[in-house]
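Take a look at the structure below.
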Amino acid sequence: MTYLDKNGQLTRGYNVYIDAETDDLGTRMDVGLLRMEPGDEFVIHEPRKETAVLLFAGKVTFAWDGSSVLASRPDCFHYEAYCLHAGCGTRITLTAREPSELYIQKTVNLNPFPAVLYTPETVQTQHAGANGELMGCMRREIKTFFDYDNAPYSNMVLGEVLNFPGKWSSYPPHHHPQPEVYFYRFDHPQGFGAGFANGEIYQTGHNGLAVINHGFHSQTAAPGYAMCYAWGIRHLDGDPWKKTRIDDEPHAWLWKPDANEHIFRG
């Protein structure tokens, strides 16, 4: 497990977290945060890589292949997402209309495919833990932009989780052979949480990035602070991620409907 805290080092423009050409940290992906001011323009043109651009906050015009869409998202806690997913060779132009921050994820994929813009109307959302499981401690919203089901041509998966204050996600602890990255946002810059991976514990913070290469993992947000994180997975060659999760056996019983019956309710 690797955790990168670059919040105090972020500047206007593209901020590199993972550069696959120099050190992919086991992810086989490029990951970065783009910070833009009104009028800024940023161009992405990767001849060998597919690219996903997720708007965390702001107002940005996405332009590609003769299409242009103005996307507005004041924040990722109250508003749904815009995510552009484009194949190799696609020229993407991003133009900021307001101060904006965007998550960018790339990986090698030599098979071109038409770009798709996922919008608030098309994002898949699962309201997990909404039925009172574990006394509501697992309540969260899991948003999937693209995965093997709707984009089998891609070498990646990208989604977003809204982790309610004091609640848990990626829970019960589980693992999968495919590497995963988490990029964290908090509704307050001083917000924090905790992540658990392969027996290690790390503190999460605003604009922090965790790389999970192996082992069981789960996480939680501190009470009072909402946490939203992008989750990205790179398929393994011949072994794509198909929503497979392997639960940590000692904790698998937590899936039972009566898992909380032993708890005293005074």
**Subset of the stretch 211-238 [of a type in the set (A, V, I, L, M) and within 18 Å of residue 101 (Cβ to Cβ)]** = 226, 227, 230
**Complete:** Among residues of the stretch 89-102 being without any contact (Cβ under 8 Å) to a residue 60 or more places away in the chain and surrounded by fewer than 19 Cβ atoms within 10 Å (Cβ to Cβ), the residue farthest from residue 41 (Cα to Cα) is 89
**Asked** When you scan the stretch 120-189 for strands (runs of 3 or more DSSP E) that lie fully inside it, which ones turn up with 2 or more residues that are under 21 Å from residue 52 (Cβ atoms) and hydrophobic (A, V, I, L, M, F, W, C)?
**Response** 140-146, 156-163, 180-186
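Evaluate the following for residue 142: is it aliphatic (A, V, I, L, M), at pLDDT below 95 and surrounded by fewer than 21 Cβ atoms within 10 Å (Cβ to Cβ)?
yes
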**Asked** Do any strands (runs of 3 or more DSSP E) lying entirely in the stretch 198-263 carry at least 3 residues that are touching a residue at least 60 places away in the same chain (Cβ under 8 Å) and in contact with a Pro (Cβ under 9 Å, 6 or more places away or on another chain), and which ones are they?
**Response** 227-234
**Message:** Looking for something touching a strand residue (DSSP E or B) at 6+ places or on another chain (Cβ under 8 Å), closer than 22 Å to residue 244 by Cβ and β-branched (Val, Ile, Thr) - is there at least one such residue anywhere in the stretch 112-119?
**Reply:** no
**Message:** Cβ-Cβ under 8 Å, sequence separation 6+ or interchain: first residue in the stretch 9-26 and touching a residue at least 24 places away in the same chain (Cβ under 8 Å) and of a type in the set (Lys, Arg), partner open to solvent by less than 70 Å² (accessible area, probe 1.4 Å) and part of a loop (DSSP other than H, G, I, E, B). Which pairs?
**Reply:** 12/40
**Request:** Could you please give the count of residues in the stretch 1-37 that are under 24 Å from residue 99 (Cβ atoms), assigned to a loop (DSSP other than H, G, I, E, B) and at pLDDT 95 or above?
**Result:** 4
**Request:** May I ask you to list the residues in the stretch 222-253 that are touching a Phe, Trp or Tyr at 6+ places or on another chain (Cβ under 7 Å) and under 23 Å from residue 124 (Cα atoms)?
**Result:** 226, 227, 228, 229, 230, 231, 233, 235, 240, 241, 242
**Request:** For residue 182, indicate whether it is open to solvent by less than 60 Å² (accessible area, probe 1.4 Å), out of contact with any His (no Cβ under 8 Å at 6 or more places or on another chain) and more than 30 Å from residue 115 (Cα to Cα).
**Result:** no
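The values are calculated or read from the model by the stated rules, or taken from the named source; none is laboratory data. Model, not experiment: these values are computed from the prediction. When we count neighbours, we look across all protein chains shown, and the Cβ atoms used for this are built from the backbone with ideal geometry, even at glycine. When the accessible area is computed, the model is the full protein with side chains, heavy atoms only, and any ligands, DNA or RNA have been set aside. Shrake-Rupley method; radii C 1.70, N 1.55, O 1.52, S 1.80 Å.
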